[in-house]
Structures are given as C-alpha cells and as structure tokens.
1. By the gyration tensor of its Cα atoms, with a ≥ b ≥ c the square roots of the eigenvalues, what is the shape of the stretch A:245-296: rounded for a/c under 1.5, prolate for a/b over b/c, or oblate?
2. R0 = 35 Å: FRET efficiency of A:D431 with A:D280, Cβ-based, nearest 0.05?
3. Using the beta-carbon distance between A:A263 and A:A493 and R0 = 51 Å, what value does 1/(1 + (r/R0)^6) give for FRET efficiency, to the nearest 0.05?
4. Let me know the shape class of the stretch A:1-45, please: from the alpha-carbon gyration tensor, a ≥ b ≥ c as square roots of the eigenvalues, rounded when a/c is under 1.5, otherwise prolate if a/b is greater than b/c, or oblate.
5. What ³J(HN,Hα) values, in whole Hz, does the Karplus curve 6.51 cos²θ - 1.76 cosθ + 1.60 give for the stretch B:167-173 when θ = phi - 60°, with x put for Gly and Pro?
6. If I model a spin label as a point 7 Å beyond the Cα along the Cα-Cβ vector, how far apart are those points for A:R60 and A:T6 in nm?
7. What FRET efficiency do you get for A:A80 and A:N229 if R0 is 25 Å and r is their Cβ-Cβ distance, rounded to the nearest 0.05?
8. In whole angstrom, note down how far apart the Cα centers of the stretch A:1-51 and the stretch A:435-467 are.
Amino acid sequence: MTEHLTRQQLLSYLDGELSKAATRAADEHLHSCWTCRTALERLQEDIGAILDAQNAVLLRGVPPPPKPWPRIEPLLVAAAESGHVSWRARLSFRWSPVYATAAVVAIVGFIVFRWLTPTAVSANEVLRQVAQADAKRVATASGRFVRQRVRVTKTERRTARTTFGEIDSWRAANNAVYWRVGASDVAASDLRERYQRENVPTGLPLSAAAYQSWSRQLTAEPQAARHGNVMDVSLTAAHEPHQIDLKVRSDDWHVISMDLSFADAGFQIGEEEFAVVSRDLTPPDVLAHLEPPPPTTEERSVASASPARRLPSEPSVEPAQNVDDIEMEVLLALHQIGADLGEPIEVARGDSGSIRVNAWGASQERKNQLRELLKDRPNVQLELETPASEPGTVVELSSARAAKLTGPDERLARWFGGSQLRENFTRSVLDSGTSMLSHLYALKELAQRWTPESVSGLSSNAKNNLASMIQDHARAATADESELKLTLGPLIAEFSSKTDADTSPAHQTDWQTSALASLQTAKDTDGLMRSLLTTTNHPVVVEDALSQIQHKLGELDNSLASLRSSKP
Amino acid sequence: MAAGEPNALSITRAIREPALSQADNLNERVTTLYETHRDGIYRFLASHGLSPAVAQEVTQDVFMKLFVALRQGTAIVSEQGWLYGVAAKSAVDYWRREGRSAWVELDLSEAAAVSSANPTPEAEAARAQRLHRIADAMLKLPHELRLCVRLRSEGLRYREIAEILGVGVTTASDWLSTAVERLRGAAHD
C-alpha cells in the first residue's frame, strides 16, 4: 500500500474492523509511513479525549447505578416456571426410554417438517399487515428522511444475460421522493422507466404503494406460503408484469425483495438498506431534490396533478366523492398509524361536507404526524390548537372512601412470594387488559358510527377499508386476550373452583353487536382483575373473582370469534 | 417419576433449546450477563433521560427479554449487541409513550470540576476546557451519530451498531467516522 490511509481507514484499523488482508496492508504501510503513524497516534489520543469527555462530563450527571442491584434469579425462576406449569399438569404418566425416543423422533420430525414444508397462510392477510407496517415505517417527522437502497438484478429473457444495478431512494415527510441512479446503471434506469411508464407511484421502490400499484389488476387470488420466518406472496396480474413475487419478513412485515416478471426481462429488487436519517446526514444533492425552492402558484397546481408524486394511500379526492367515504379514508389513515387506540383524537362531520379531525389533546409528535398525514386532503379540517382551558375540578378522595381501600388478599401475596414478583405479574396482566380494551373501544367507536344503515351507503372500497380495520382490531384484541389467559392460567388453576371456561359456540350476530358485547365483557374482566390485584375499594374474594374472570374470558372468546368471522 | 429421570418437559426443551440442554445453565448464563452488563445498560438508558427507577426497571426487563429469547431458541450472535439493541428500542418506546424524545441535557459548567492528573493549574484548566468543548459538540451531534459514539464506547462492533441503527455496516462506519471527526474538530478548536 503506497497511498496514505484515510481517516476512516485509520479509525477502522484502531477498532479492529478492517479485513485481515486490509489490516496486513495497513500494518505494512504504517511501519514505513511517518505521516500515517503520527495520524494514528493523534487519532488514538483524541479518542481518549472523547471518552474522557463522555465519561467525565456527559455521564457525570447521569445518576449512578443502584448498589446493590436487585437479584435477577428469582425473576428468571418465576418466568421459567410460569411458562411450564401447564406442561407439568398435563404430563402425569411415567416416561420410559421408548416413549422418550419416540417423542424425540416425533418432535424432530415435526420441526423439520415445519421448517422445510411451506405452510399456507392468507395472502390478503399478509398484504394487509405489510401495508400497515409500511405506513408506520415511512411516517416520518419533518426534517427526517426515509432512505431505501435496493439492489436491482435484471435478467433478459432472450439472452439470459444478467446485469446488476442499484437505486438509492429517498422520501421526505411531505412525500417528495428522489431516486438516485448512476448514469451508467442500465438495470436500475430500465426499472425506473418501467415504474414511470406504468404510472407506478415513485415512492420507495420496495413499498406497499409500489406492489399494490403493480398488482392493481389481479387475475387470481394472491397466494402465500411461509418458509421459516419468511413469507412468500405470489400475485398474478392481467397486464405486465404478469407475475409478482414478494418476500416478507414475518417478524416485522417488512418486504425484503420483490420479483417482477415482464415479457422481455425479469427484475429482482432486493433491499440493501433501510433507514430513517436526519437532515444533517442527508447528502446535499438529495436535499436539493427533496426540498426545492417554493414553487410558484402555477407550478404548484401542476405538481399536485402529477400522479408520480402521489401515493395510493393518499386519497384522490374527487368533487363528487361521498363524504362517508372520505371519513372512512381518514379513519383508515388514523388506524394505519395507530392513532385510533384511545388517543384524544376525534373525527366528526364539519361544515359543508367536510370531515373535522380534532386533536387538541394529542402529543406534539402526533400532531406533527397528523399535519403531514392530512395536509393534502382538501375536505379534511385538522384542528390542533388548544382553546383556552376552563379551570378543572379537583376531585379529592374523601377520608371515608379512602378508609375502605383494601389491599390484595394475603393468600395472593403468599402465592407470589414477593412484592416485586407480584408487581411484575400485575403490570403484565393490566398491560394486556389495557391494550385489549383500547382495541375494543376503537371497535365500539366504529360500531356506533357505522350502523348497518350507514354501511349500506358506503362504496365497496370504503367497506373493504372498514372490514380491514374491524379485522385488525379483533385480531389484536384476541392476541391480548390469549396473553391474558396465559398469564392468569397458573393463578386460576390454583384458586378458581371452576374447571371449565365457557366454551359454548359463538352466536352469529352482526359485528356491531359483537363489538359492544366484547367491550362490555372486557370491561367487566378488567374491573375484576383490578379488584383482585390492586389496592381497591371493591374488595373481592379470590376464588370468586378468578371464577368470574375465567367465565368472562370464555365469553370474550366467543364474542371475539364472532367478530373475526363477521363482515360489514 | 424418579429424580433425574428424563421427562417430556426436559426432552421438549432439549430439542427447542439446545443451548440450554447442553449445560442446563440458561439461568446462570443470563445471571452472568446481567452482572457484567447491567451497569452499562443502566447508564445507557439513563443517558437517554430515563429516571433512575425507570432505568433500573427497564434494565431488568431487557435481561428478562434476553432470557425469554434464549429460552425460545433464538439465535443470538452477540449478546451484548442484542442487549443494547433492545435497550435502545426500549428507550425510544418509552419516550414515544411519553410523547417526546430526550437525551440527558446537562449543565456543562460542571466540566470545570473535572479532576485530572495535570501537574499545573493551567494545564488542568486547558484540559477541562477541551473536554467541555468535546462534550458540547457531542450534545450537538445528530441523534444517530451520538448513538454510534455511545455504542462504540460501550465496546460494540460496527456490525452490532449497524444492526441496532438498522443501517448497513458501511453506513455505521461512515457515521462513526463523521462523529469522531466532528468531535476532534471541537477538541482542537
């Protein structure tokens, strides 16, 4: 190596991050180069100063760690035991080596089968989850940018020649998008042209907007299969590309690659990098594209009409659009960013066919998000300013009422074996209950707003949006309920006199009735749990409360099952 | 069932949790990691503005999550990187729930009180001023760059930092290098 080492190479050398070959070359160079050796020594000194500054100045104000730390072993033992109680209860027979061998063979076989055999899953469900996760992922605040760098592999059908390229795409909070493609990058340029030619919104190349647009004329139901922790979704379209294959990571519903099959060529688009970065870290040429000087009035009207600047998730509001449909679009947009789970955000009819979104009490971050989300919707009024507040009423707990407050049953305290364990258990149970209630309250809002009569006036697209939101909330509430049952299981097994929960089949009712019934049952369950586990003025007998909780959870099973199977 | 006789539970766990069955020491492993890294994780969380009580609770929670992940057979290449990744996410989640984001903003006038082994009062004052400038520059770094420096100073490798930040290794290396250069610039102002 004859050239001097760069600062980055020196830092990587010090950090032991260079490859073996590069380290050897750097060693040789440093041995013979005074300049680089001195630069390395200075860098090392400066890193020492940075560490000193961090430890002696910045972290000086950080409160010291607790001494002594609480032991973690009891928590580990409790966690291990709580997860295995039900197994022990079920396994009451003695084990012989023959059983053991058979069990090993069966379990290994199952695992191999599970991991090697594709498992069918609902493609629509996968696509819905992906769209929802994508909406959250790209929802950035002003001054921050989403960057997605993808590798493009193009294979020509006639010659089977393969070329590679790269698209470095950026998206701003105002939906402005910039694709950086090398001038000699044939594969990436070709793909970009196809996106533009087919009017696929030039958001990020691997995004919900892109694949929804590519697959807008499906000829068959999409198919999905699970391979380990990757979902494969196949879509067949009426026009080019005839085949679209997505690979989705099942743990966070992130699309990691998309294959587009055209008559003359096939493209594989694989994600290399996805990040949200601040303005400071965004290259100037990207900023120049994403934050151009304010356009003239004329330019603005042209830009707003350009389909390439719009994402499908944004409504293309037409003058004759049904106000119910607009409201549904707003509700869906709020749902996609998780703003419909009990936050102080109200959606109501405004003046002259507009929709009013009131978010006076929302957090500043949420207000910024709403501003970005709703700014291009002409028929939506966003209210963020807080009116002059009236003096609140201070509610004091009377001494007579306070005297009635009762702590949890002593037997429970003994069963938990320690206050920390009881607190953790209580927090876990109440967290699940609160999360479940937030989804059921959101369902109640939908049920009260969208009565069977008003649903009949919705367009089919708006009905689909409504169905999607109902399913999302019902599934989330079911997951919370399952977690609740799992957590409460050992306690119920210990104290409850009842042996079975209510397992009678669900009655088929409309989704509105099921939603309200689920909420009422969940509220009852939550009240019982709080009476049982926290300091309360509604003391309960442990056995009675747990029996009732068990019964209520059975009822919830039924009403949630009914919700999941119903359609608006 | 006689003591020591294998049961279905132990067999199931042996299949699902090879790491556990080999030495049957998952608790011990997590306890050792807890004793080694709890102060670092706590400081990391506290430097994100979490109160001592919350930082302590979240620290324990991070190790409980590690325990659950290992018990479920999750392959974890670097436990330290995993712990800091979960801690960083927990801090972000915490502040998201609280409706704001925060690093600890400190009164840097305390920098003058930094003790050192410098032989003369002048040299000591110069050093304190230099550290003050670096600390001030660090507070002005974008969040990502600052996180890079914090994580690197906790001993994390570039790959681990990249995973935590959700970027490529090259980007993480670029960011760290940029951060170090900015801080060096402040040190020599």
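The values are calculated or read from the model by the stated rules, or taken from the named source; none is laboratory data. Only a predicted model underlies this, so the values are computations on that prediction, with no experimental measurement involved. We place every Cβ from the backbone using ideal geometry, glycine too, and count neighbours over all the protein chains shown. Side chains are part of the model used for accessible areas, which takes the heavy atoms of the whole protein and leaves out ligands, DNA and RNA. Shrake-Rupley method; radii C 1.70, N 1.55, O 1.52, S 1.80 Å.
1. Details: a/c = 3.13, a/b = 1.66, b/c = 1.88.
Oblate, because a/c is 1.5 or more while a/b does not exceed b/c.
2. The value I calculate is 0.45.
3. 0.25
4. It comes out oblate by the Cα gyration axes.
5. Computed from phi, the couplings for the stretch B:167-173 are 10, x, 4, 4, 5, 4, 5 Hz.
6. Calculated label separation equals 3.6 nm.
7. Efficiency computed from Cβ-Cβ geometry: 0.55.
8. The stretch A:1-51 and the stretch A:435-467 have Cα centres spaced 62 Å from each other.
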